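In what follows, a structure is listed as structure tokens, so that the remarks can point back to it.
The values are calculated or read from the model by the stated rules, or taken from the named source; none is laboratory data. These numbers were taken from a predicted model, which means no experiment stands behind them. Here the Cβ positions follow ideal geometry from the backbone for every residue, glycine too, while neighbour counts run over all protein chains shown.
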Amino acid sequence: MRPSKKLMTTLLPTFLALVGMLLVSCGTTSPSQSTGTKATPDKQVLNMAFSTAISDIKTFDPALSTDAPSIQAIDLVFTGLVQLDDNLKVVPQLAASYSEGSDGLTWTFKLKPNLKFSDGTPLTSQDVVYSIDRALQPAVKSTVGPIYLALIKDSDKLVAGKIKTIIGDSLMTPDPSTVVIVANKKATYFLDALVYSCSYVVEKSLVDKYGANFTDHLNEGGGAGPFKVQSYTHGKNIVLVPNPNFYGPKPQLTKIVYPFYKQVDTAFKAYEAGQVDYTQPVPSASNASAKSLPSNQYSLVPQLWINYYAMNYLVKPFDNIKIRQAFALAVDKDLIAHSVWKDTVIASNHIVPKGMPGYNTNLTGPDGVASTKGDPTKAKALFQQGLQEEGYASVSQVPPIKLTYPSGSQDTDNEVAALVQMWQTTLGISVKANPEDFNKLLTDIVAATNNPKGLQFWGIAWIADYPDPQDWTTLQFDKGVPNNNSNYGQNNTSNATQQQQVQKQLEAADVNPDQTSRLQAYNQAEQQLVNDVAWLPTEQVAVPQVLKPYVKGMVFNPQLLIPPDDWGNIYIQSH
């Protein structure tokens, strides 16, 4: 998922061991402990500035969820057959149990008894299949449904408009409490993909009543998660109250207020003023102040999150591999991590982050450069070779370059300023910084797909949807996948054929039942992706955050998403 956006048993021990190493090294993520009395119900109000600089969430519709701020809100109100727990393990949610058929393609889910939407309407298997089918309907225009539901048989035909529904085909309801889903191929990550919020259940009657605007009426119902919407004021906040019909442990909180802040530093100032109880990220300029807060309010949580820059292979000069490599090797990521981010991030050449199964400890940057400090000498040589290949007699003939990135963070502004200076100093080329509203950037990135007139160069990030390298490789760079916005393998560049071979290697790895060789295949493909500069990764993020000491029961995992059942343990202590 985009930030401001599951694991099978065979992978889980390795993943948890690696994540455990990360968490121990940073000394965080243990739940807050109670040492006092619980506050009265009227004081059980939690103000949470979840993440990033936004003036509003992009969407409240699970079928359209693409980014972390939206998903954090969606996860409070909606839920699905399965979700991730605190250890990022797939667990049943609306489902009481699930089983895989002997053919490896047929999955049967048994629902929990007496499920209801927040308005009291019964929730049955028909609601589940309606919601999944809806996320694939062409009229909904979901960019995530075709990705995370792609393993469902005939989902591609539905997305393409060749059939009207897959209900009764690959989505079946033998009875009101049973859902059967048929996959189009055996895949280790089937349940992992089903965790994504586009498979969450929405109330059909509300969608029928209000159409695409149903999310402005969630105070009437719509979801089956731990909370329901009391009010949603665009540009200001979302106010939530407990869902009395929630199937899991009932929330102890009586209200959650989710305010929107256009600037990261504004959110932290609100925290200091006692206006919010939790916020992240803490801007680097405020790190010292945050760390000095009493009672361990500050913590640094390592994330399965990579910040990166992408170049449109259809737009000059980035259709030339040597120019892309030159831009990558001109960057001193160590300097940026230290000077800009104050060592709260890990400089990285990786697409697949540390802590993931399939993390490649031997991976190098482009052209065999192992260091995250780059190689200015090699960058200059590659750049000159690229200019000659493109027929540019001098740098002045290179088309203007504009780097678009999310506005609202001084730290991000500082990183881009550092990058622009490095490219100017090492390559002698000017790059124009173009900060843009986060939600608009998400739209513009999608529009770059197969578009030689789309965005030329942009900065964004990716957070794991599920702990499997497929989420970082095939899902980003395969032929025709919606996330392949840089058009890797979908171009006429000199090494397009090699890119297409990488895509085939990824597709083969996806269905490889042997985990050892499967991860090795992802390693090899990732190295070639890095050599091709499919992404220009800069750092793996560890999120600095602050939490008031009177907020009890919260556990922070490497995705910063709170599982539905956890809300039964979270409360406000008297203070």
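Structural remarks
- Residue in the range 351-387 that is farthest from Ile463 (Cα to Cα), counting only those that are crowded, with 18+ Cβ neighbours inside 10 Å and small (Gly, Ala, Ser): Gly386
Matching residues to (1) surrounded by 22 or more Cβ atoms within 10 Å (Cβ to Cβ); (2) under 23 Å from the mean Cα position of the chain (by Cα); (3) more than 23 Å from Ala183 (Cα to Cα):
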residue: Pro452; (1), (2), (3): no, no, yes
residue: Pro482; (1), (2), (3): no, yes, no
residue: Ala496; (1), (2), (3): no, no, yes
residue: Ala508; (1), (2), (3): no, no, no
residue: Gln515; (1), (2), (3): no, no, no
residue: Glu526; (1), (2), (3): yes, yes, yes
residue: Pro537; (1), (2), (3): yes, yes, yes
residue: Pro544; (1), (2), (3): yes, yes, yes
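Condition check ((1) modelled with pLDDT under 95; (2) of a type outside the set (Asp, Glu); (3) more than 24 Å from Asp413 (Cβ to Cβ)) across all residues:
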| site | (1), (2), (3) |
| --- | --- |
| Leu240 | no, yes, yes |
| Asn243 | no, yes, yes |
| Gln252 | no, yes, yes |
| Val257 | no, yes, yes |
| Phe260 | yes, yes, no |
| Gln263 | yes, yes, no |
| Phe268 | yes, yes, no |
| Glu272 | no, no, no |
| Val276 | no, yes, no |
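- Only residues that are outside any loop (DSSP other than H, G, I, E, B), over 27 Å from Trp423 (Cα atoms) and hydrophobic (A, V, I, L, M, F, W, C) were counted in the range 464-505, giving 2.
- Among residues of the range 178-199 that are within 17 Å of Gln476 (Cβ to Cβ), those with a beta-carbon under 7 Å from a residue that is in a strand (DSSP E or B) at least six positions away or on a different chain give the pairs Asp192/Leu7; Asp192/Val90.
- 3 or more residues at pLDDT 95 or above, out of contact with any Cys (no Cβ under 9 Å at 6 or more places or on another chain) and farther than 27 Å from Phe227 by Cβ: qualifying strands (runs of 3 or more DSSP E) within the range 90-187: 106-111, 171-175, 178-182
- Considering the range 549-568, and only residues there that are in contact with a helix residue (DSSP H, G or I) (Cβ under 9 Å, 6 or more places away or on another chain) and assigned to a helix (DSSP H, G or I), the residue that is farthest from Ile306 (Cα to Cα) turns out to be Trp567.
- Scan of the range 402-434 for residues that are hydrophobic (A, V, I, L, M, F, W, C) and more than 27 Å from the chain's Cα centre (by Cα), ordered by number: Met422, Trp423, Leu427, Ile429, Val431
- Residue match in the range 223-245 (condition: of a type in the set (Phe, Trp, Tyr), over 26 Å from Gly568 (Cβ atoms) and not in a loop (DSSP other than H, G, I, E, B)): no
- Answer from Gln456, Gln503, Gln490 - the residue that is farther than 27 Å from Ala521 by Cα and either surrounded by 15 or more Cβ atoms within 10 Å (Cβ to Cβ) or at pLDDT below 95 (or both): Gln456
- Residue pairs meeting the criteria (Cβ under 6 Å; at least 6 apart or on separate chains; first in the same structural domain as Ala267 (by TED's automatic domain parsing) and under 9 Å from Pro69 (Cα atoms), in the range 43-59; second of a type in the set (D, E, K, R) and modelled with pLDDT under 95): Lys58/Asp67
- If the condition is being of a type in the set (A, V, I, L, M) and under 21 Å from Ile463 (Cα atoms), then the range 523-554 contributes Ala525, Leu529, Val530, Val533, Ala534, Leu536, Val541, Ala542, Val543, Val546, Met554.
- Output for the range 529-548, where each listed residue is outside any loop (DSSP other than H, G, I, E, B), touching a strand residue (DSSP E or B) at 6+ places or on another chain (Cβ under 9 Å) and not acidic (Asp, Glu): Val530, Leu536, Pro537, Thr538, Gln540, Val541, Ala542, Val543, Pro544, Gln545, Val546, Leu547
- Qualifying residue in the range 297-304 (condition: modelled with pLDDT of 95 or more, out of contact with any Pro (no Cβ under 7 Å at 6 or more places or on another chain) and of a type in the set (Gly, Ala, Ser)): no
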